[in-house]
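Peer 1: The following block contains the structure, expressed as structure tokens.
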Amino acid sequence: MYHTLLSSGLFPVYLGEPAVFDLLRPKFGNLQRRGNRERLMKCWLRSSMYRISHLEGEVIQEQVLNHCTSAGEFLRLVMGEVARLQGKMRWAVWGPDNLLYLRQIKKEIPDALFIHMIRDGRDVAISMNKEGWIRPLPWDRKQGLVISALHWKWKVTHGIEAGRALSADYLEVHFEELLDRRTVVLQKISAFIGQEVKPDQIMQGSLGTMVIPNTSFQEESRSHEFRPLERWRRLLSESELRAVESAIGPLLERLGYELAAKPCDNRRLRNRVMNQVYPRYFDIKLWLKENTLLGMLTNTDRMKLSQ
């Protein structure tokens, strides 16, 4: 979705994830403190986030140190400068973890609009489990696929609950619709952002994942058999599909996805327990990251720091 918008020519090209609210804010703390802003800039100016911005380091550092007091202001300053340099009037950013911070982002950037890209949780769970992004609790080590599905459910539910409270400033778009009914979806997005997103311009200006898919299944892309829709039908066994749908089936159905497996009675108790335990587990981890010194331990690998 993000690279579709960038390909439209309406927004400045920034081929990266700023990760301001989910990485920089917990890592560097309250930006009302100048010392925290200094630590942030010392690190950020060594990052790929800075390198792809093409901003002048001294200029943006001066602005952040003297005029920035929140994560939202930092994002607005950086992306506002990126947009100005490229002659654009507005900017867009992306990040799946932004779903967990919609209220805070809206508070700090009042004119922000949010497009929530929703994808079939079964496909998401396959990719997340393949990459090993979600770590189950020790006694659930063999349940990585189901725990990945529960993480999808937790994050999507967060986004939906916060987003729908934003009313007209929030739009849900399905990944599958974008691929199958692109023109209809782009018309919906155009009405939402108040600018026409033209399909022909996107095709002519394709960049990023519009050219090279960002996928956990690079072997499909290399073999020219890239089929991202309903990958679960090809890759999940009957028992795996039952396990996943038993865990997240109700949300899948509410979002318009049809279930394919027969209900599994012997998983009901286990799924009931996991559906109680893991949302709380994810909530606790998020709270500790945001409200304690543990936030300073936030991993910076995504920043791709130079030596």
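The values are calculated or read from the model by the stated rules, or taken from the named source; none is laboratory data. The structure displayed is predicted, hence computed values, not measured ones. Every residue, glycine among them, receives a Cβ derived from its backbone with ideal geometry; neighbour counts consider all protein chains shown. Just the protein is used for accessible areas: all its heavy atoms, side chains included, with ligands, DNA and RNA removed. Shrake-Rupley method; radii C 1.70, N 1.55, O 1.52, S 1.80 Å.
Peer 1: Among the listed residues Glu81, Glu62, Glu58, Glu73, which satisfies the condition of being among the acidic types (Asp, Glu), open to solvent by less than 40 Å² (accessible area, probe 1.4 Å), part of a helix (DSSP H, G or I) and more than 20 Å from Lys153 (Cβ to Cβ)?
Peer 2: Working: Glu62 fails: open to solvent by less than 40 Å² (accessible area, probe 1.4 Å); Glu58 fails: open to solvent by less than 40 Å² (accessible area, probe 1.4 Å); Glu73 fails: open to solvent by less than 40 Å² (accessible area, probe 1.4 Å).
Answer to the selection: Glu81.
Peer 1: Hey, can you tell me all the residues within segment 252-274 that are buried (at least 17 other Cβ atoms within 10 Å of the Cβ) and in a helix (DSSP H, G or I)?
Peer 2: Passing the criteria: Leu252, Arg267, Asn271, Met274.
Peer 1: Any residue at all in segment 6-16 that's closer than 24 Å to Val197 by Cα and open to solvent by 60 Å² or more (accessible area, probe 1.4 Å)?
Peer 2: Here is the first cut: in segment 6-16, the residues closer than 24 Å to Val197 by Cα are 6-16.
This time we only want the ones that are open to solvent by 60 Å² or more (accessible area, probe 1.4 Å), so: 15.
Checked segment 6-16: at least one residue is closer than 24 Å to Val197 by Cα and open to solvent by 60 Å² or more (accessible area, probe 1.4 Å).
Peer 1: Can you tell which of Lys153, Lys106, Lys130 is over 30 Å from Ala71 (Cβ atoms) and in contact (Cβ under 8 Å) with a residue 24 or more places away in the chain? Full working, then the answer.
Peer 2: Numbers: Lys153 fails: over 30 Å from Ala71 (Cβ atoms); Lys106 fails: over 30 Å from Ala71 (Cβ atoms).
None of the other options fit; the residue is Lys130.
Peer 1: While we're here: Would you confirm whether any residue within segment 211-226 is in contact with a helix residue (DSSP H, G or I) (Cβ under 6 Å, 6 or more places away or on another chain), among the hydrophobic types (A, V, I, L, M, F, W, C) and either at pLDDT 65 or above or buried (at least 16 other Cβ atoms within 10 Å of the Cβ) (or both)?
Peer 2: no
Peer 1: Scan segment 109-125 for residues that are touching a residue at least 40 places away in the same chain (Cβ under 8 Å), closer than 20 Å to Glu161 by Cβ and under 15 Å from the mean Cα position of the chain (by Cα) and jot them down. Full working, then the answer.
Peer 2: The initial filter retains those residues of segment 109-125 that are touching a residue at least 40 places away in the same chain (Cβ under 8 Å), namely 112-123, 125.
Of the ones still in play, those that are also closer than 20 Å to Glu161 by Cβ are 112-121.
Those that are touching a residue at least 40 places away in the same chain (Cβ under 8 Å), closer than 20 Å to Glu161 by Cβ and under 15 Å from the mean Cα position of the chain (by Cα): Leu113, Phe114, Ile115, His116, Met117, Ile118, Arg119, Asp120, Gly121.
Peer 1: Here is a follow-up. What are the pairs, 6+ residues apart or on separate chains, where a residue within segment 59-78 that is acidic (Asp, Glu) has its Cβ under 8 Å from a residue that is outside any helix (DSSP H, G or I)?
Peer 2: Close Cβ pairs satisfying both conditions: Glu73/Leu31.
Peer 1: Further question on the same structure: For segment 114-140, how many residues are closer than 21 Å to Arg254 by Cβ, open to solvent by 30 Å² or more (accessible area, probe 1.4 Å) and not hydrophobic (A, V, I, L, M, F, W, C)?
Peer 2: Number of matching residues: 1.
Peer 1: Consider segment 271-307. How many of its residues are aliphatic (A, V, I, L, M), touching a residue at least 12 places away in the same chain (Cβ under 8 Å) and closer than 30 Å to Leu15 by Cα?
Peer 2: Keep residues of segment 271-307 that are aliphatic (A, V, I, L, M), which gives 273-274, 277, 284, 286, 288, 293-294, 296-297, 303, 305.
Okay, now just the ones that are also touching a residue at least 12 places away in the same chain (Cβ under 8 Å), so 274, 277, 286, 296, 303, 305.
Adding the requirement that they be closer than 30 Å to Leu15 by Cα leaves 286, 296, 303, 305.
Looking only at that region, the number is 4.
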